[in-house]
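Asker: What follows is a structure written as structure tokens; I'll ask about it next.
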Amino acid sequence: SRRGISTILSVLFLPYLLARAYSPESASLSTDLSANCIMLVAILYLCERLTLSHQILGAGLCSLALTFKLTTVPLAIGCALILGSQWWLIKGKFKLRILILPLLILSGFIVRNIILSGWILFPFPIGNLHLPWSVPAPVVVETIEWIRGWAQSGPAYQPGSSRSLVGWIVPWIEQRRSEPEVFMLCIIVICLIASLVIHRLRWRVQSNRVRLLALGIAGTVYALSVAPDFRFAGFFIWILLVASFLLLLGNLRLTTSAFQFAILAFMILWLWKLNAILPRAEESGVSLTRLRRETSAEVNKVHTAEGFEYFVPVQGDQCGNAALPCAPRVVSVRLRNSGDISSGFLPGPRQ
């Protein structure tokens with residue numbers, strides 16, 4: 001049943017969430033973990049019967065996840081498709097109720113982007129409003145290229161270096177071949193091949209699992225094409241793993257006891273593989289009883305021509321662990337109102 005699938009998903013996502021919660025992400029300013037948790041709750045709502053309250057909450061949560069991380073775009077599109085398929089069944093006054101929460105959330109997200117950068121979808125070079133404080137277009141392009149280049153090459157990435165497919169794909173595979181996501185992708189392929197060979201159930205019978213599989217495929221392809229790093233694609237790969245595993249179990253037509261044993265075995269395997277079991281987690285330097293604390297970054301102080309001071313980390317972009325105001329590198333900025341940092345910044349030195 002739909003309620004059954006949402007309960008099973010809650011259980012199957014536990015190893016991934018535990019592994020992420022007790023990783024360095026939980027002690028950083030990264031929004032990946034927060035966005036993943038919101039996406040999971042949205043998926044659980046959308047796997048339930050699509051009552052009006054579930055539609056409202058599902059649409060609102062998908063919109064909220066989008067404001068945390070633009071890698072959640074496939075989830076937002078999937079939500080729109082699911083709601084769109086039911087749209088003609090919804091009475092006119094209820095359509096507004098479904099739309100009002102996403103519109104409010106996304107409007108706030110756009111306004112925030114405009115206030116901070118002068119762009120509608122920063123760091124994507126989309127929607128430059130040409131405001132006095134708009135980030136210069138070359139800097140926006142450089143920023144998105146840096147995100148993509150860092151995902152391709154890791155800390156070794158240098159701005160302006162060659163990022164042709166041949167130039168980065170082999171080192172990328174070498175760097176990541178021991179990561180658990182690679183093992184996940186292998187298991188996914190095995191499950192899908194086995195499901196196609198057995199194929200005892202019609203796809204319509206497992207419609208929820210097929211939708212989940214489609215979401216996992218779309219999200220994985222999107223995340224890896226925008227910025228090929230498992231940090232961005234990991235949650236969608238896990239969705240793909242869970243969906244392919246459930247699809248295989250459905251085709252096997254297991255008894256209730258055998259099905260429950262398979263779910264338990266899945267959990268134990270991945271709790272161990274992801275270092276989320278207490279002894280293995282402690283051995284790898286991650287504690288399940290205390291959150292990891294990041295040390296403060298070493299910084300240099302930069303003085304501008306108008307007497308304004310800011311900090312630049314000695315090694316890489318560590319502004320999350322540095323004193324404020326901070327920039328990842330020396331930048332050309334000036335205060336909108338000299339001597340008043342609360343007024344914000346403008347690009348370029350004061351004339």
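Asker: Among the residues of segment 118-137, is there at least one that is out of contact with any Pro (no Cβ under 8 Å at 6 or more places or on another chain) and assigned to a helix (DSSP H, G or I)?
Answerer: no
Asker: I want to confirm something. Restricting to segment 221-244 and keeping residues that are in contact with a Pro (Cβ under 9 Å, 6 or more places away or on another chain) and among the aliphatic types (A, V, I, L, M), which single residue is modelled with the highest pLDDT?
Answerer: Looking at residues that are in contact with a Pro (Cβ under 9 Å, 6 or more places away or on another chain) and among the aliphatic types (A, V, I, L, M), I get 221.
Asker: Free of Cβ contacts under 8 Å to residues at least 60 places away in the same chain, surrounded by 23 or more Cβ atoms within 10 Å (Cβ to Cβ) and of a type in the set (S, T, N, Q): does that describe residue 244?
Answerer: yes
Asker: If you check residue 60 against the conditions, is it modelled with pLDDT of 80 or more, more than 23 Å from residue 209 (Cβ to Cβ) and either in contact with a strand residue (DSSP E or B) (Cβ under 9 Å, 6 or more places away or on another chain) or of a type in the set (Gly, Ala, Ser) (or both)?
Answerer: So residue 60 fits the description; yes.
Asker: If you don't mind, another one. Output the residues belonging to segment 311-328 that are more than 25 Å from the chain's Cα centre (by Cα) and either β-branched (Val, Ile, Thr) or under 20 Å from residue 134 (Cα atoms) (or both).
Answerer: Listed by number, the residues that qualify are 312, 314, 325.
Asker: Restricting the search to segment 176-196, which residues are under 17 Å from residue 221 (Cα atoms) and without any contact (Cβ under 8 Å) to a residue 40 or more places away in the chain?
Answerer: 182, 186, 189
Asker: Within segment 175-220, track down each residue that is surrounded by fewer than 18 Cβ atoms within 10 Å (Cβ to Cβ) and at pLDDT below 75.
Answerer: Result: 199, 200, 201, 202, 203, 204, 205, 207.
Asker: Scan segment 297-316 and tell me whether some residue there is within 22 Å of residue 146 (Cα to Cα) and touching a residue at least 60 places away in the same chain (Cβ under 8 Å).
Answerer: yes
Asker: Considering 144, 105, 100, which residue is within 30 Å of residue 343 (Cβ to Cβ), at pLDDT below 85 and of a type in the set (Val, Ile, Thr)?
Answerer: 144
The values are calculated or read from the model by the stated rules, or taken from the named source; none is laboratory data. Only a predicted model underlies this, so the values are computations on that prediction, with no experimental measurement involved. Neighbour counts are summed over all protein chains in view; Cβ atoms, including those assigned to glycine, are modelled from backbone coordinates with ideal geometry.
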